[in-house]
Every structure is written in structure tokens, then in C-alpha cells.
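Let me begin by presenting the structure, written as C-alpha cells, before commenting on it.
Derivation of every value follows stated rules applied to the coordinates shown; laboratory data play no part. The shown structure was predicted, so the numbers you read here are calculated from the model rather than taken from an experiment. Positions of Cβ are generated from backbone atoms using ideal geometry, with glycine treated the same way; all protein chains shown enter the neighbour counts.
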């Protein structure tokens, strides 16, 4: 990839990186094909998605591609019969993929396990049989409260195989948060582990499940299946609790897949809840697998020899689509890691890349910024030459973070693909492909078959360079099929209510003169300073361009003159001290980077920032502590960052 152009400012990124010619030649989708896909999707979107569906196996084809008669409750592929697990496993064992590695797992202590497609198929069948023996059937909900273990992947696939609906809960959640999520989905069974390794310690998990279920607080649960990972002493309640090994030992290695309607639920997943109480989003078998399969294959240019490592926890949508279902649908090898990225030191991620020959590395900007603090010497310790594609997800990536990742991990050769999508979208929505021109910090364009716009508060398209609300203007296959719970229908309709016929994503974006899209942060993370609307992401990216700054969070605080002013919370890089002089220097730096409108009222230096369990900064917690307001749902707060305020 060769850069052209120069840096003007972070508000107007001018650097452009072009794909290497060899990469374009070898791409699964070349520029001419991409143009043809876009043209087809624009003129015949249903035909485009029907072709994508034909790449997968169905027990019965659809009556029509899309039923939009009850919009916004769209039904994709009505009348079709399928099972996503058949497409993830069964069809592969009839091909050369049978003995190909499907899953590589590495534990924090350095132990590892590997499963071919055939081995994974048999393990999933055995646990599917065990679930049926325990009384779980089609439509029942199963909560999976697990660290990143092979059994967590197996449990997801086994649930889907028998038509049960899985709901993953991140293993960092408290008993109170787990209890509420079990109640939310009315779960019949919980799958967990005795404990797991994190940052050199054993975290006991089963006692948290016991606390969540104490006193009949979640009396919908009949059974708890426990994986013996950490080999710690574990209390087991007779008649309710079962060891995983015991329940699968007596099961056969063949279990028929349930024939599902395309619109039958596959999983429930709580949204992050960073702006309030989380809602429970539902995704289905048919449309979800079509959208995920097509977009993951196109964006990451999947090859037969790939080792695909997405670092996301299984408990997030990225874990569902880019760790489990997407890679297995594509027939590639997916890798998961149990532990802390800095254990035993800050080169653990690069050690894993080198050890297994990872070719595609997909992660969050938060993780890259954390590793940047330790400098480039750690990646230099390892052979990263197998990497051919990098990707980011979860939040806007600033240009400086993009460039560090591109240069020090990708060697200036790997395309770095910043992707935008959500729990609600299920699949990638806006992203470059490896053949695309890249601008550091931009998600480039919507993928073929996806229609987006940037609009003002009245729903009118805004001109180039002006920020607005990001909306999706047409339905897409992997879209959420509903919101679970008593208020679910109202919550679902709310996402489409403000601009009828359009999905309001909740993000602020802008489109530049080349048609490239830039995500500027959540709509509720926009500051209005003296009539000027500034995204917190843009301000934070500008801060990170300063050599002293490792991480930044910006919030709005009341101001008598301007109405609202910006306050910054800064984590410094090693070797810098939080002095008054540095504070003034940073304030001047911001004016230089973004102009006088980016005046920062105050700067506070911190060692930590409050974060969600997935690493996103909880700005509303910072703001509530400044203003005395109610911070809302704190179940997402990372225990390690709770004392940051």
C-alpha cells in the first residue's frame, strides 16, 4: 500500500493509501466485479441478495426474497427452511474442508486445542444431544455465561442446531447483571465454567452463577452445565448442576439438525446499554447467515489458507458474526484466545499471530491504543509476515492510531479495513475492501446491497463535509428481526420511527468530497459549543495526535457563556507528567488541530477511564460524576475501571 497526499489536519484527512497491485490481482472481488456488484445492488437489490443466498444450502427455497408488507418488521426469505449450523459444519464435512482446522484455541497459560471441521461437527452433535436429554428444545432460551473457550463455541452451535435460542452473557458481568439477563430471556438452562484464567489469575465463574440463581431469583432455570476449565473446587447442586464432560460422554456423535424457518430466532443479544438500559435484540437463522456470509467474505477476501483472528469476546455481536458464525460459514479457520492481551507482557497478541501464522487480524481501536503505549518494540520481537489484512471495529479509529497499526503491525503492506456495523445490523454495513483506496480514520463506503445516508434533524441529506445523523435507508438481510420482551415491539419501532422507512443508527457521520464516510461518534456524544456541533471522537482523535497522549475522553459540561464546554480526561504515555504546562500545551494543540472552536475548558489527567466490559469508554459515567446526574445502567462498567472516577 503506497501513501499519497499530506496531512492537513485531523478534521480533514488527506492521506490516501492505495492497494498493492499484487493484492488487487489476487483479490476474490476485483475492482470491476465490485463495480458490477454495486450496480446490480442499486438496480436490483433483491436479486443481489438472492444470489448471495444461493451460495448457501437450504432445505427449502424461499417463496420470495423479502416480505415488506408489515414494515418495519421485514421478513427475509419467507417460506424458506434452513439451519445456520448445517451451513457452518455439515456442508463442509462433505468437502475438502472436512479435515481442515475449523477452530484454534489458546489459553492464557499457553495451553492450546485444535478442532477440524469434522471434529467440531462431532462435538457440537454430542452437546446438542445432551441439551435435548436435559429437556431443551426448539424455541427454548439458553444463557451461555462463558469465557472464550471451545465449549462456548460448541454451546452456541449446539443450541442453534436443535433450534434453541442462545443468549451469551459476557463472563465479566456481575451476578446481578447475569440475573437480570437470565430473567430478560426467560432462560431454561445456563452453560458456564468453573473458572478461567485472566491476567495471571483464576477467575471463579460458577459461584457467580450460583449467586445469580439464589433463592429462586431466576427460577426459570432448570439446569446448569459447567465446563471444568480451571480445575478449582466447585459447589454443584444435585439435580440442577451437571459437569459438561458427564453430559456429553453418553451422547452419540450424530444429532440431526432441526429444520428451521428462515425467520426463526437464532440468538438474543443485549445491546451495550452505554446510553441507558440495554435492549434484547433478536436475530434469525436465514437472513442473518446470508448477510454475514456475503459481507465477511467480501470484506476480508477469505482464502483457503487463512487463519482468521477476531479478538472480540464471544459475548458481543462481533464475537457472534466475526468469531463464530461468519468464519465457519466461510469455511475458514477461526482463532480464539482466553486471556489478557498483555499477559505475561505486552507482546502476547503478536506472539499468537506469529505462533499460528495468523493472516487476518480484526480488533478494536481500544486494544490498539492500549498496545501503542508500550511502543513498537514488542511487535518487532515477532514475525508478523503472515498477516495480509488488518481490520478494526467497535468505535471510530483516529488517523494516528490507524497509522501506527498500519505501519508497525501491517508493515505498510496490509490493507487496514475500518468497519462500521452494530448489534442491530448483524453484518458489516460500511467498510472498504482490500482493493479499496483507504483514508486513515474513514470507513469509506457502504457495502453493495447496503444503502445509507447522512441526514439533518429533519431527515434531509446533508452536503459534503457537514456532520449529520447516519441512517440506513433500505432493509438488509442480517437486520435484527425484533426486540425481545414486553416492550420489544415499541423498542423496535422506535429505531425506525424518527425517519419513517429508515433505520436511525444513533451515530453522527459526515461524507467527504470523495464520498468517503467518517463516523464521528454516537449522536449522544456530540457537543454543542456556542452553536458549533463537534463529535467527541473528532476531539479525542485530535488529542491522540499529541505525543504525550495515550488515551482521551471528552465530555460536555455546562458553561454560562457557551452553553456547553468541553472537558478532557487524558491518560498519558510513559515519560510524560501531568503538569500545568502540559495542560496548556494540549489546549493550544487542540486549537491548532481543529481551530478555535475546539477550545477545551479544562484537562484532567487520569490513570484509568471508566469503560464497558468490551473496552469502550463510558463518557456518560464521567459526565454524571461532573454534573451529579444519574449515570443510568452501570451493569456494563468494567470492574477494573470502576475506581477511575
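Summary of computed values
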| quantity | calculated |
| --- | --- |
| Centre separation in Å (Cα based) which lies between segment 123-149 and segment 58-82 | 27 Å |
| Net lengthening on full extension, residue 214/residue 28 (0.36 nm per residue, minus Cα-Cα) | 61.7 nm |
| Nitroxide proxy distance, nm - points 7 Å out along Cα→Cβ at residue 69 and residue 355 | 5.5 nm |
| Computed FRET value (nearest 0.05) for residue 608 with residue 38, which takes r as the C-beta separation and R₀ as 45 Å | 0.55 |
| 222 nm mean residue ellipticity, helices alone, for the chain (DSSP H n ≥ 4; -39,500 (n - 2.57); rounded to 500) | -8000 deg cm²/dmol |
| Nearest-0.05 FRET efficiency for residue 437 and residue 559, computed from C-beta distance (R0 56 Å) | 0.90 |
| Gyration tensor verdict on segment 140-253 (Cα atoms; rounded if a/c is under 1.5, prolate if a/b is larger than b/c, oblate otherwise) | rounded |
| For 15, 188, order by how many other beta-carbon atoms lie within 10 Å, fewest first | 15, 188 |
| For segment 182-333: rounded, prolate or oblate by the Cα gyration tensor [a/c cutoff 1.5] | prolate |
| Normalised contact order of the chain, rounded percent, pairs of Cα under 8 Å and 6 or more residues apart | 13 percent |
| Ranked list, fewest to most other Cβ atoms within 10 Å of each Cβ, for 571, 162 | 571, 162 |
| Relative exposure of 409, 397, judged by other C-beta atoms within 10 Å (fewest first) | 409, 397 |
| Largest-first principal axis extents of the Cα set of the chain (Å) | 69, 56, 51 |
| Where labels lie 7 Å past Cα in the beta-carbon direction, separation of residue 577 and residue 601 in nm | 2.9 nm |
| Of all DSSP beta bridges in the chain, antiparallel share, percent nearest 5 | 60 percent |
| Computed E for residue 513/residue 625 - FRET, C-beta separation, R0 60 angstrom, nearest 0.05 | 0.90 |
| Centre separation in Å (Cα based) which lies between segment 390-421 and segment 225-246 | 41 Å |
| Virtual paramagnetic centre 7 Å along Cα→Cβ of residue 133, amide N under 13 Å, in segment 228-244 | 242-244 |
| Cβ crowding within 10 Å averaged over residues, with 148-154, 282-288, 52-58, 256-262 ranked highest first | 282-288, 148-154, 256-262, 52-58 |
